[in-house]
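Below you'll find the structure, written out as structure tokens, and then a few comments.
Throughout, read-outs are computed from the coordinates displayed, never taken from laboratory work. Keep in mind it's a predicted model, so treat the numbers as computed, not measured. Counting neighbours? That spans all protein chains shown, and the Cβs are built from the backbone with ideal geometry, glycine included.
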Amino acid sequence: MKSSFELAMERLNRSAPSKSLTADQKAAIAEIDSIYKAKIAEQEIRFRDQISEAESIGDAAKAQELRDLFQMEKQKQNEQAEAKKAKVRENS
């Protein structure tokens with residue numbers, strides 16, 4: 001007996017079969033992941049230092065503002081990475 005997840009995956013594959021990626025596409029996607037993970041890590045270090053500084057002087061509002069800004073920047077970087085990966089997948 002199949003689970004509902006397995007049945008849903010079968011229906012999905014029938015309606016939109018998944019495409020196999022070439023080795024070059026896989027390498028390009030891995031490179032994009034690597035670049036954007038590095039960018040996010042760099043921003044995290046920068047923001048962590050700024051947040052620590054704001055907390056050390058007792059400015060909780062500034063620290064929260066910096067946390068929120070970091071989350072927005074992280075989301076923006078992830079969206080850019082996904083857009084670039086989608087372009088790589090489309091160019092088959």
Inset, instruction - Look at residue 71 and say whether it is touching a helix residue (DSSP H, G or I) at 6+ places or on another chain (Cβ under 8 Å) and part of a helix (DSSP H, G or I). - result: no
Legend entry - Of all residues in region 1-35 being more than 16 Å from residue 83 (Cα to Cα) and touching a residue at least 12 places away in the same chain (Cβ under 8 Å), the one that is surrounded by the most Cβ atoms within 10 Å (Cβ to Cβ): 21
Inset, instruction - Restrict the check to region 36-55 and report whether at least one residue is among the hydrophobic types (A, V, I, L, M, F, W, C) and touching a residue at least 40 places away in the same chain (Cβ under 8 Å). - result: no
Inset, instruction - Out of 55, 31, 44, report the one residue that is over 22 Å from the mean Cα position of the chain (by Cα) and not β-branched (Val, Ile, Thr). - result: 55
Inset, instruction - Give me the pairs, please: first residue somewhere in region 71-92 and surrounded by 11 or more Cβ atoms within 10 Å (Cβ to Cβ), second residue anywhere and outside any helix (DSSP H, G or I), beta-carbon distance under 7 Å, and either six or more positions apart or on two chains. - result: 89/21
Legend entry - Residue count for region 20-68, restricted to those that are assigned to a helix (DSSP H, G or I) and hydroxyl-bearing (Ser, Thr, Tyr): 4
